1. From the list Leu190, Leu272, which residue is aliphatic (A, V, I, L, M), within 27 Å of Ile342 (Cβ to Cβ), buried (at least 19 other Cβ atoms within 10 Å of the Cβ) and touching a Pro at 6+ places or on another chain (Cβ under 8 Å)?
2. Take segment 363-408 and flag every residue that is of a type outside the set (Lys, Arg) and under 23 Å from Leu93 (Cβ atoms).
3. Could you go through segment 684-695 and let me know if any residue there is in a loop (DSSP other than H, G, I, E, B), surrounded by 14 or more Cβ atoms within 10 Å (Cβ to Cβ) and not aromatic (Phe, Trp, Tyr).
4. Looking at (1) modelled with pLDDT of 95 or more; (2) farther than 18 Å from Leu452 by Cβ, which is the only condition Ala488 fails?
5. Scanning for something part of a loop (DSSP other than H, G, I, E, B) and crowded, with 16+ Cβ neighbours inside 10 Å, does segment 444-458 turn up at least one residue?
6. Does segment 460-483 contain any residue that is of a type in the set (D, E, K, R), over 24 Å from the mean Cα position of the chain (by Cα), crowded, with 17+ Cβ neighbours inside 10 Å and within 19 Å of Ala393 (Cα to Cα)?
7. Could you please find all residues in segment 211-263 being assigned to a loop (DSSP other than H, G, I, E, B) and of a type outside the set (Gly, Ala, Ser)?
Amino acid sequence: MKKFIIYLFIFFPILANTQTLKGKVLGNDSKGKQTLPGVNIFWQDTNEGVASKGDGTFEITKKSSQHMLVFSFVGYQQKVVRINDFTPLEITLEPNLQIEEVTVIRKDRGTYLSVINPIQTEKISGAELLKAACCNLAESFETNPSIDVSYSDAVTGAKQIRLLGLEGTYSLLQVENMPNLRGLATTFGLTYIPGPWMESIQVSKGAASVLNGYDAIAGQINAELKKPDSEEKLFLNAYTNAHGRLEFNGNGNIRVIGQKLTTGIFVHASDLSKRTDDNGDGFLDEPLSRQLQIGNRWKYSNQKGHMAQAGFNVLSEDRLGGQMGFEREMTPGITNPYGINIKTKRIDGFFKTGYVFPSGRTALAWLSNVSRHKTNSFYGITDYDADETRFYANAIVTRGLDGAGIHSLNTGLSFVYDNFNEMLYNKNISRTEKVPGIFAEYTLKPNENITLMTGARVDFHNLFGTFFTPRAHFRYKMSEHVTLRSSAGKGYRTANVLSENIYLLASSRPLLWQDDVMQEKAWNYGVSLVQSYTLFGRELQLNAEYYRTNFETQLVVDRESSAENVILAPLNGKSYANSLQFDARWQPIERLDMLLAYRINDVKQTIGRELKEKPLTSRYKGLINLNYTTKLKKWMFDYTLQMNGGGRIPRYPVDGLDLAPVSADYYEFSPYTVMNAQVTKFFRYWNIYVGSENLANFKQQNPIEGANNTFGSQFDATNVWGPVIGRKIYVGVRFSLNYE
């Protein structure tokens, strides 16, 4: 009797605190809802669980302290449900389309083209970033068929990208879905994100979602950085090349409180102190440079629907370019060699948080970042100093309008603050932008084959007034193998007249402009067709796409109307860009991935009252990329061939006459090819890579006009259309250690 009483006191509280929860699990696939046997069902953060039976039913014991029930099954999206009582459940799992996409469409390749997203989007994963040195974001697109990368001039080392034939300023550049590297960071911003820090890159074309703002005209590029709660514990990368560039990158994650609170530390340092002049024009092929970055980020997740992230990054950079004889301590002047010096200090931080309600149908998100950027520079004898303070905030509410996921709505508010101060030619230029905005985006998905996404936003600009931004995207899976997409939308952007074109100071002609700031407006229309087939037992993906951009207002860089000035003026006439691209992705033999692409650019602008082909833009681009990995991934071999079409070089009057001192052919550049290759050897925790950029050593002849008279009227280092640096051989080593 005493034992019975003891057992009663021990076990009764346990028995009274547990009950049995019952339910059924269904899978919603192309054949409709079906029962799912073998689904893993367990209480979050425990090992207590069961599997669903053959008819999809289950029974699981619930304690009073257990509320979050997890449903997990291969091929379906994991679902977490909050349990407050013992009402029988009916749970429906949706197919994991992302996993299906990567595994079936692109297999283990480093990039894949989504057929699920209504917006034409290509994801560049970490595996793709290993195919080249990828020292920074600008160098991460060498194997990408959609984006062109080139130098903006021959002395500063600034790189620019083109998407749909348009400069990168017309693409919204984001870091983790927040606009970044704008304004003063436009010229060199692509070099401010180290490649080893990145987890992936998403490139979308055409009108982007209104959630992200009004200023994506040609497309959107989003860089995702490594997360502090990832399995990567420590990563180190060291790099050097034959031109004397040294670089070190490192990041490490610390689990402060398990997976709930984690932090990541990032370090980047690069140095180029070797002077090279391979083409013998007396100028440095690459500017001497030093860059140091330190970053820290935190992530919190309570595993119950709430997540928050915050972090900061500090950057310092010093660039010195110009003639071989120019030294840092020299005073700019016509009695000294021609020099360029650009010193940059930048600090930025971010905070974002989100909460998913227990029902799973409603979510709240807050995204914000702030940056302070300061530049002190001179180009020859011209000084340019500027500073910028920028703040961005976006609040979003996501709501499923029905239980079946057919209707959903995103609404929210945004705010942009941008304070700009510049000094050029002893003229102070200041402005402050304040732009509150509201937006809404509705998505209709009646089945897995059709998605219609329409959105609109209204923004209230203190300088340009109120404007309306409509956008629409449509996706239709015509058959098992064919997906059609279309898009249309309007975009606006603030053109920072000086800071976006400051590289033009590397010329004897001073800048002449009407407005310090102006707003550009354009419509973008696009259509794409993705087809997937099986060829000789292996997946073949074909993509065809066409996009057109029509400008209503635009800032035009006119290098051709005046011999005395480079004119920055509003568009007076037509301006458009057509981009037609075809690409094929296939694995002809096991472990060999092949990408073939061809793109035609038709970009024209009204310059000097005449509609002309936009100068320094290639008329076409062809790309061949091959990647082969041996068994067990011991070795990896990469080869890329870029074929760039010819184009037009700007022609301006000489001595007041519209006559050229040489034949008209001089103002055309011919097609050229660039080859890159890399070999990587993998070990357990580390790998070593050796490669070459511009393997065939092609260089633009005389990229600096008037190099023998740097302060004369014919000096110009801005007519760059091809590589200014020859063959670049490099070697590097990576070390990676993950949590067990």
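The values are calculated or read from the model by the stated rules, or taken from the named source; none is laboratory data. Quick caveat: nothing in here was measured; it's all calculated off a predicted structure. Don't worry about glycine lacking a Cβ; one is built from the backbone with ideal geometry, like all the others, and counts go over all protein chains shown.
1. Leu272
2. Passing the criteria: Ala363, Thr398, Gly400, Leu401, Asp402, Gly403, Ala404, Gly405, Ile406, His407, Ser408.
3. Within segment 684-695, one or more residues are in a loop (DSSP other than H, G, I, E, B), surrounded by 14 or more Cβ atoms within 10 Å (Cβ to Cβ) and not aromatic (Phe, Trp, Tyr).
4. The number of the failed condition is (2).
5. Among the residues of segment 444-458, not one is part of a loop (DSSP other than H, G, I, E, B) and crowded, with 16+ Cβ neighbours inside 10 Å, which makes the answer no.
6. Taking every residue of segment 460-483 in turn, none turns out to be of a type in the set (D, E, K, R), over 24 Å from the mean Cα position of the chain (by Cα), crowded, with 17+ Cβ neighbours inside 10 Å and within 19 Å of Ala393 (Cα to Cα).
7. Once the filter is applied, which keeps residues that are assigned to a loop (DSSP other than H, G, I, E, B) and of a type outside the set (Gly, Ala, Ser), segment 211-263 yields Tyr214, Asp215, Ile217, Lys226, Lys227, Pro228, Asp229, Glu231, His243, Gln259, Lys260.
A quick yes/no check of all residues on (1) touching a residue at least 40 places away in the same chain (Cβ under 8 Å); (2) touching a helix residue (DSSP H, G or I) at 6+ places or on another chain (Cβ under 8 Å); (3) under 24 Å from Gly206 (Cβ atoms); (4) outside any strand (DSSP E or B):
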residue	(1), (2), (3), (4)
Thr466	no, no, no, no
His473	yes, no, yes, no
Tyr476	no, no, yes, no
Arg485	yes, no, yes, no
Val527	yes, no, yes, no
